[in-house]
1. Return yes when I132 is in contact with a Phe, Trp or Tyr (Cβ under 6 Å, 6 or more places away or on another chain), under 23 Å from P16 (Cβ atoms) and among the β-branched types (V, I, T) and no when it is not.
2. Name the residue that is modelled with the highest pLDDT, counting only residues in the range 148-172 that are in contact with a His (Cβ under 9 Å, 6 or more places away or on another chain) and surrounded by 19 or more Cβ atoms within 10 Å (Cβ to Cβ).
3. Taking the stated definitions as given, is D109 surrounded by 14 or more Cβ atoms within 10 Å (Cβ to Cβ) and acidic (D, E)?
4. If I ask for residues that are assigned to a strand (DSSP E or B) and over 11 Å from C113 (Cβ atoms), which ones from the range 143-168 would you list?
5. Considering only the range 41-87, state which residues are part of a loop (DSSP other than H, G, I, E, B) and small (G, A, S).
6. Which one of these does P38 not meet: (1) in contact with a strand residue (DSSP E or B) (Cβ under 8 Å, 6 or more places away or on another chain); (2) in a loop (DSSP other than H, G, I, E, B); (3) not hydroxyl-bearing (S, T, Y)?
7. Consider T168 against the criteria (1) within 18 Å of V69 (Cβ to Cβ); (2) under 14 Å from the mean Cα position of the chain (by Cα): it satisfies all of them except one. Which criterion is unmet?
8. Here is a list: L101, L129, L88. Which entry is touching a helix residue (DSSP H, G or I) at 6+ places or on another chain (Cβ under 8 Å) and either within 20 Å of R8 (Cβ to Cβ) or of a type in the set (S, T, Y) (or both)?
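The values are calculated or read from the model by the stated rules, or taken from the named source; none is laboratory data. Keep in mind that what you see is a predicted model, and the values were worked out from it rather than measured. As a convention, Cβ positions derive from the backbone with ideal geometry for all residues, glycine included, and neighbour counts pool all protein chains shown.
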Amino acid sequence: MRVIAGSRKGHKLVAPHGLETRPTSDRVRENIFNLVGPVDDARVLDLFAGSGALGLEALSRGARHGVFVDSDREACRAINANLDKLRLEATVLCRDAVRALAAEPGPYDLVLCDPPYDFAGHDVLAPHLARILAPGGLLVYQTADRTEPEIEGLQVRTSRKYGSARLTLFEH
């Protein structure tokens, strides 16, 4: 895994050990940012961050501030190691995504949400995601290819399949 573009292009990333994390492939990350477009000065929230690759990509491409959320301590260590390695500053919250969202005031210009494919709390996340997304902001929601998420208050901009993954972009 590496940073695809921006000021940290080509730098390799540390991934958490074990099978708990499903890293987003370089190809899918590249397609995410092709769909999202420029992220200059954006406030970014990376939920279920794993290695932090999505949020780190945004920071490398010019995002102003990043918040990474993951409940796995090994993932939080990997995110902090990647931030140190890339000499980037961001906030890392090692806690449950739903609890973190409930406490987050927002707004965020870009929210990257990549829960485990067997995650059962989509309905619990949805109202928080709509609340913290800034007007004109984008939510990138990654799911298994057969899952088509819906979030009340947000409109689907596009939905695309990449292998076993589906990317759904929502906007206000």
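1. Criteria not met by I132.
2. That would be L154.
3. Answer is yes for this residue.
4. A144, Q155, V156, R157, T158, S159, R160, K161, Y162, A165, R166, listed by residue number.
5. A42, A49, G50, S51, G52, G62, A63, S71
6. Checking P38 against (1) in contact with a strand residue (DSSP E or B) (Cβ under 8 Å, 6 or more places away or on another chain); (2) in a loop (DSSP other than H, G, I, E, B); (3) not hydroxyl-bearing (S, T, Y), the one that fails is (1).
7. Of everything listed in (1) within 18 Å of V69 (Cβ to Cβ); (2) under 14 Å from the mean Cα position of the chain (by Cα), T168 misses just condition (1).
8. L88
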